[in-house]
Amino acid sequence: MVSKTKGTVLVTGAAKRIGAHVALHLARLGYGIALHYHRSKIEAMSTAQAIYKTGVPCELFCCDLADESQILKLAPQVFKAFPNFNVLINSASIFIPNQFGAGDLSLFKAHWNTNFKAPYILTCEFARLVKSGQVINFVDANVIKYKTKYADYMMTKKALMEFTKMAAVQWGPRIRVNGISPGMILAPVNNQPDDRIKRARKIPLQKIGNARNIMQSVQFLLENDFLTGQIITNDGGESLI
Ligand SMILES: NC(=O)c1ccc[n+]([C@@H]2O[C@H](COP(=O)([O-])OP(=O)(O)OC[C@H]3O[C@@H](n4cnc5c(N)ncnc54)[C@H](OP(=O)(O)O)[C@@H]3O)[C@@H](O)[C@H]2O)c1
């Protein structure tokens with residue numbers, strides 16, 4: 001069954017929300033799915049059920065991406081289960097408001113470990129293991145600005161954007177490395193304020209985006225083999241203003 005797929009994609013944070021939409025979309029395109037989750041086991045199993053129906057192989061991988069020893073094991077585990085592992089999508093992330101110097105360093109460490117160190121290590125491991133392939137990193141449309149409401153989160157995404165470009169240089173032509181910067185797609189989690197409707201009125205396309213817009217960008221990046229080091233900003237023009 002594995003040999004009939006286009007390869008296998010590891011999607012981090014794929015139990016629910018954007019990661020789950022991307023995993024299911026890629027399953028429909030014929031990729032085997034290595035479905036990473038951490039706390040959302042029930043949602044991960046439900047997403048896997050939907051993926052099984054597409055006929056491609058799918059396995060669940062539980063890993064705390066804030067724990068370096070666990071991150072180091074993840075890509076080798078996926079490679080062992082799926083020798084045709086050829087796409088890595090770093091979608092898992094935390095997004096918690098804070099400002100520099102407020103509180104202790106716990107939010108600083110949590111953001112850097114999960115949002116930057118994990119995709120960094122996974123990309124290095126992926127490049128070590130596979131002959132050729134592709135990486136897509138989820139960045140953020142606000143990364144080009146200097147807003148401080150989510151200061152540590154934004155710093156990690158700024159670093160991830162630059163890492164995406166440098167990794168494209170280092171690992172080309174064997175591996176293409178690109179990114180997607182979503183704007184307003186899904187409501188924030190953990191009861192954080194959802195001001196998207198108000199904000200959407202002020203952006204050029206005057207609407208909120210959806211998971212389908214992101215899936216279209218993922219597919220475009222995977223299929224266009226003359227793209228590397230590029231970040232598609234999928235935000236209805238929000239970052240222009
Ligand atoms: N949603 C948007 O509109 C939007 C806007 C801008 C940028 N983005 C970016 O797009 C990507 C996807 O967005 P999203 O809203 O779908 O993400 P999300 O719901 O905030 O997070 C996705 C997953 O990340 C996983 N995660 C968090 N901490 C983890 C840890 N320590 N170890 C392992 N996994 C961990 C969680 O998995 P478990 O639940 O299994 O623990 C969670 O379900 C993110 O990188 C985000 O920054 C999204």
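Each reported figure results from applying straightforward, stated rules to the coordinates on display, with no laboratory input. Quantities reported herein were computed from a predicted structural model and do not represent experimental measurements. Methodologically, a virtual Cβ is constructed for each residue, glycine included, from the backbone with ideal geometry; neighbour enumeration extends over all protein chains shown.
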Q. Which is closer than 22 Å to Leu222 by Cα, of a type in the set (Phe, Trp, Tyr) and in contact with a strand residue (DSSP E or B) (Cβ under 7 Å, 6 or more places away or on another chain), of Phe138, Phe163?
A. Phe138
Q | Every pair of residues 6+ apart whose Cβ atoms lie under 6 Å, when the first sits in the range 134-155 and is under 29 Å from Arg176 (Cβ atoms) while the second is assigned to a loop (DSSP other than H, G, I, E, B) and aromatic (Phe, Trp, Tyr) | A | Tyr153/Phe95
**Q.** Matching option when the condition is surrounded by 11 or more Cβ atoms within 10 Å (Cβ to Cβ), among the hydrophobic types (A, V, I, L, M, F, W, C) and within 13 Å of Ser239 (Cβ to Cβ), among Ile175, Ile203
**A.** Ile203
Q: Scan the range 181-205 residue by residue and report those that are in a loop (DSSP other than H, G, I, E, B), more than 11 Å from the ligand (Cβ to nearest atom) and out of contact with any helix residue (DSSP H, G or I) (no Cβ under 6 Å at 6 or more places or on another chain).
A: Asn191, Pro193, Asp195, Arg201, Lys202, Pro204, Leu205
Q. Do you know which of the residues in the range 19-39 that are buried (at least 22 other Cβ atoms within 10 Å of the Cβ), under 24 Å from Trp112 (Cα atoms) and not small (Gly, Ala, Ser) is nearest to the ligand (Cβ to nearest atom)?
A. Tyr37
Q | Ile42, sole failed condition from (1) hydrophobic (A, V, I, L, M, F, W, C); (2) within 9 Å of the ligand (Cβ to nearest atom); (3) out of contact with any strand residue (DSSP E or B) (no Cβ under 7 Å at 6 or more places or on another chain); (4) free of Cβ contacts under 8 Å to residues at least 40 places away in the same chain | A | (2)
Q: Filter the helices (runs of 4 or more DSSP H) completely within the range 53-151 down to those with at least 3 residues that are within 16 Å of the ligand (Cβ to nearest atom) and closer than 30 Å to Gly236 by Cβ.
A: 106-111, 118-129
Q | Residue check for Met215: part of a helix (DSSP H, G or I), of a type outside the set (Lys, Arg) and closer than 24 Å to Ser40 by Cα | A | yes
Q) Does Val189 satisfy the condition of being buried (at least 16 other Cβ atoms within 10 Å of the Cβ) and of a type in the set (Val, Ile, Thr)? A) no
